[in-house]
Structures are given as structure tokens and as C-alpha cells.
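Worksheet: one structure, shown below.
What follows draws every value from the coordinates through simple rules; no lab data is involved. The model shown is predicted, which means the values in this text are computed figures rather than measured ones. Glycine gets a Cβ as well: all are built from the backbone with ideal geometry, and neighbour counts include every protein chain shown.
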Ligand code: TXA
Ligand code: MG
């Protein structure tokens, strides 16, 4: 069973234990502001292998390297001016940049799945303090079994990976609740590889540039983790529901009541006040709660597609995609 340390009551012990376990080459579950990550020393191939093993993750799917400051970032990747502007504006925060790896970088090829680029991010929250103390980048995917819903609490991590993990740092519910937005700069143009917790509009407003989208969800293997079926709960998922069928779990938005709600196994509202930020923070937890209700199908009421709604709908489409 995993040891769980509360970072709010024992921050120093949390950092010390985490660094000790990481130095042994073992993964540690750490809280970031987006989701909980399964972190390991990005320079240690055995430690990185443990991440892939624990998650059951395909090895062609590269990991994000997490850094604590710009000096650490600069040691491992080469910034173009536009990427640097994004980092200056949005780090620490829910933005991952895809950048050329520096030839002298010690991040192991297993973390980048052999690509010549690195996904790099400076996370906010307690994880950043762990990285600063550890002194090296931490490779970290979300701390869930591959293909399943990402964890936004220590309890989520414990339920899924607890039996295989040594240590979980508990900082409470993740503030953002959706994985980072992934951006790649190419010839001065911005490409969105994954919508996420940073609103694309904020990027467009800062730069004055339009961010281009992938052709269609799952069509590209550009961010190889973007496989069509992902974020899958145990139950089937029905999107854009206009009503509730008997026995379904309902996840709705903005306090909009649907016909048939009285027959629902459970009714959850992502944000009664209609805030997409609040909806993002609740999404994965509510998917898990709806799943736990035992309903065979989770019906989702329509959710607005603007702003963070784009990332929420991306996750829902993957949750609803055919599974193999
Ligand atoms: O918020 C987040 O991003 C969380 C927390 C823990 O930081 N991490 C996360 O990691 O969501 P993961 O492994 O679930 O998703 C990482 C995504 C994958 O789709 C992967 O393919 C893409 O980043 N990626 C990583 N390195 C890449 C690279 N060099 N080029 C293109 N895509 C890359
Ligand atoms: Mg993930």
C-alpha cells in the first residue's frame, strides 16, 4: 500500500520523502495544479521504465518533463522567441511546450520516446517545490492506469495505483482539474496539440496570433497520447443528451434540468452557476462518481464549446469513443 503524506500539514516531510523515493528510482504521485502526476527522475531510464510499467502505457507515448524554473528549462530545451513569451506569461501553469531538446540535456530518450523534442512544463503548486529540491526534471504523466480517467485527488490515485505505489503526496483537489494545454511553435505559428487547462483564447490574446487546431480529435499521432479512446470510465458515455433514460447517471451543466432526471441513478451538475472553470475542476471527479453509481451509461447534457469548454468536450469525446 502507498504511504500518503499530506503536504498541507507536513510539507517538509513530504518533500524529503518524495526526494528520497525518487532518488531510489521509484515513481512518486505528486499534486500539480492540473491533475496528479506519476513522477520519476527524467534522467534515470530505470525510473522512467517504472512509470510505463505502472501505468501500462505504450512506450511510443512520450512523457512531459517538469521543471521548477527557467534555468532548469533552458538546460534541457532550446526556446524560440515565441515559445519563450508563452513561458514567461503562463509558467508556472497549465501549459506544455514542445521544444527541441538540447544536445547536452540529460533527460533520457525513454522520456521523450526517442523524439528530438521534449514536452516541457513548469507546474504550479506543491510539485514545483519537489522538483526544485530534487534538482532535476521529473518526467510525469497523469497518475492513472493508461486510458482511464486522470486523477484530481490523492484518493483517485490511491484507488487506481495505490497497491503498486510507494508514496502519494496529498495536496487536496487539483485546482484546474484538466491536463495542460499542449502547444507547438512551428515557423512562428502556434499549433494546438491538446486543448487543456489554459484557455487557448488567453494564448491568442497574448500573442495576437491564431492557434491552429488538429484536423480532428484522434486523427493525428502528433501528440501520440492523443489516442481516440481515452479518459474512459467503466460505463458507456452518451453525449449531448436531451433527456435521461431510466437507470442512466446524468452529468449536467448550468443547473439545466433534463426530462427524466427522476429516473437517473445519480444527478451531478458540473457547475450550477454555469462556470466552465468550475466544470473543468469537477469533471473527472464527477465522471468517477457517476461510474461508481453503477449506472451502465453516463449521459452528459450539452456543454458550451467556447473557452475551456473546448478541452472539456475533447475529454468527453475521448471518453465516448469506441473502445478496443
Ligand atoms: O497537466 C499535464 O499535462 C499532466 C501533469 C501531470 O503535468 N500530465 C499529462 O501527461 O497529462 P500525459 O502523459 O497524460 O500527457 C502528455 C501528452 C501526451 O499526449 C504526449 O503524447 C504528449 O504530451 N507529448 C509529450 N512529449 C511530446 C513531444 N515531444 N511531442 C509531442 N507530444 C508530446
Ligand atoms: Mg494522461
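Tabulated values for the structure
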quantity	calculated
Shape category assigned to the stretch 12-136 from the gyration tensor of Cα positions, a/c cut at 1.5	oblate
Prolate/oblate/rounded label for the stretch 46-115 (Cα gyration tensor, a/c 1.5)	prolate
Calculated FRET value between residue 12 and residue 116, using beta carbons and R₀ = 45 Å, to 0.05	0.70
Stretch gain in nm, segment residue 240-residue 145, where the contour uses 0.36 nm per residue and the Cα spacing is subtracted	31.5 nm
Hydrodynamic radius (Kirkwood) for the chain, which is based on Cα pairs only, to one decimal in Å	19.9
Percent RCO, i.e. relative contact order, over the chain, from Cα pairs under 8 Å lying at least 6 residues apart	19
Neighbour-count order for 34, 145, fewest beta carbons within 10 angstrom listed first	145, 34
The stretch 11-57 - Rg over Rh from alpha carbon coordinates, Kirkwood radius	0.98
Calculated [θ] (222 nm, deg cm²/dmol) that DSSP helices of n ≥ 4 give over the chain, each run adding -39,500 (n - 2.57)	-9000 deg cm²/dmol
Added length on full extension, which subtracts the Cα-Cα distance from 0.36 nm per residue, residue 155 to residue 211	16.6 nm
For the stretch 238-284, Kirkwood radius (reciprocal of mean inverse C-alpha pair distance, Å)	10.9
10 Å-binned pair-distance histogram of the stretch 223-324 (Cα, whole percent)	17, 52, 28, 3, 0
Difference of contour (0.36 nm per residue) and Cα-Cα distance, residue 71 to residue 263	63.5 nm
The stretch 74-215: translational diffusion in µm²/s, Stokes-Einstein, Kirkwood Rh over Cα pairs, 4 °C, 1.567 mPa s	79
Principal-axis tilt of helix 11-23 within the chain, Cα atoms, nearest 10 degrees	70
